[in-house]
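See structure below.
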Amino acid sequence: MFEKTKNALIKLDNITVSFNEKTVIDNVSFEIFADQIVTLIGPNGAGKTTLLKTVLGIVQPDHGTVWKKSGLKIGYVPQKLNLSRSIPLTVERFLCLEKRYDHADLLHVLEETGADKLLSNSIHTLSGGEIQRVLLARTLLKQPELLVLDEPAQGLDPAGEEQFYALLSRLNKEKHCAILMVSHDLYIVMANTHRVLCL
């Protein structure tokens, strides 16, 4: 068992993951510290999403160890939102699917992500950038210490990407929330990240 480093939220030590006898991740080790933005980059099929799922506990490694700080709260923002268009759903109802929140709390997290004018809108009519901001707001309701995002700016235009990464950087500084994300936008990411891990 490895030694836990001071201020580390998560440590992965020599993680190996295989599917159908094919190794997807091989002996990967890294740690994420409080207040840090860590970005995973690499070609398609390199195992980036699998590594995120290992951090989240969705995928169990074949070898290696995953250590998490006791009581660590992790928020996850998926790559896409798949909701049936036959279900009428406002942003307010969407935010309260798992748990009922006060109206003031909903407005607060939407203001933090720049989506406060969307509370009464149908979730199905939102643009890609608006959906990402609502998904981020939904995650912030849980007050996570670590945000995990899988290609959060996918489908956004260059201006939208830049604004979204700037939002993540601001949340990181103001909320002292560590961030682990997958991205292909290295040029923009480099301005707003502390560590880049290449698979």
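Assigning unit charges at the beta carbon (Lys, Arg +1; Asp, Glu -1) and nothing else, what dipole magnitude in debye, to the nearest 20, does the chain show about its Cα centre? Please list the in-between numbers first.
Working: 22 positive and 23 negative charges, 89 e Å.
Value, rounded to 20: 420 debye.
Computing the accessible area with a 1.4 Å probe over protein heavy atoms, can you report the carbon and sulfur percentage for the chain? Roughly 48 percent, rounded to a whole number. Could you tell me the center-to-center distance, by alpha carbons, between the stretch 39-58 and the stretch 138-171 in angstrom? Between the Cα centre of the stretch 39-58 and that of the stretch 138-171, the gap is 17 Å. Accessible surface calculations at 1.4 Å, restricted to protein heavy atoms, place the chain at 53 Å² per residue. Selection among Thr65, Leu197, Gln79 by position relative to the dipole of the chain gives Thr65 as farthest towards the positive end (Cβ unit charges, Cα centre).
In this rough spin-label picture, where each label sits 7 Å from Cα along the Cβ direction, the Leu107-Arg195 distance is 4.0 nm. Think of each Lys and Arg Cβ as +1 and each Asp and Glu Cβ as -1; about the Cα centre, that makes the dipole of the stretch 37-101 roughly 180 debye. Once the gyration tensor of the Cα atoms in the stretch 1-115 is diagonalised, the equivalent ellipsoid follows with semi-axes of 32, 20, 13 Å, ordered largest first. Treating each Cα of the stretch 137-199 as an identical point scatterer and summing with the Debye formula, the log10 of I(q)/I(0) at q = 0.18, 0.23 Å⁻¹ comes to -0.64, -1.05.
With n ≥ 4 as the cut-off for DSSP H runs, can you work out [θ] at 222 nm for the chain, using -39500 (n - 2.57) per run divided by the number of residues, rounded to the nearest 500?
Values: 6 runs with 59 residues, N = 199.
Calculated from helices alone, the mean residue ellipticity at 222 nm is -8500 deg cm²/dmol.
The H on the amide N of Val148, modeled in the peptide plane, is under 5 Å from the matching H of Gly75, Tyr76, Val77, Leu180, each at least 5 residues off or on a different chain.
Assuming R0 = 41 Å, what is the FRET efficiency of Leu186 and Gln60, from their Cβ-Cβ distance, to the nearest 0.05?
On the way: r = 30 Å, r/R0 = 0.73.
The computed FRET efficiency comes out at 0.85.
Using a cut-off of 18 Å between Cα atoms, the listed pairs Lys142/Lys175; Lys68/Lys99; Lys53/Lys80 include Lys68/Lys99 as exceeding that distance. Given a cut-off of under 8 Å on Cα pairs at least six residues apart, what relative contact order in percent is computed for the stretch 83-174? 27 percent. Put simply, when 105-117, 55-67 are sorted by average Cβ atoms within 10 angstrom per residue, most first, you get 105-117, 55-67.
The values are calculated or read from the model by the stated rules, or taken from the named source; none is laboratory data. The model shown is predicted, which means the values in this text are computed figures rather than measured ones. Glycine gets a Cβ as well: all are built from the backbone with ideal geometry, and neighbour counts include every protein chain shown. What goes into the accessible areas is simple: the full protein's heavy atoms, side chains included, and nothing from ligands, DNA or RNA. Shrake-Rupley method; radii C 1.70, N 1.55, O 1.52, S 1.80 Å.
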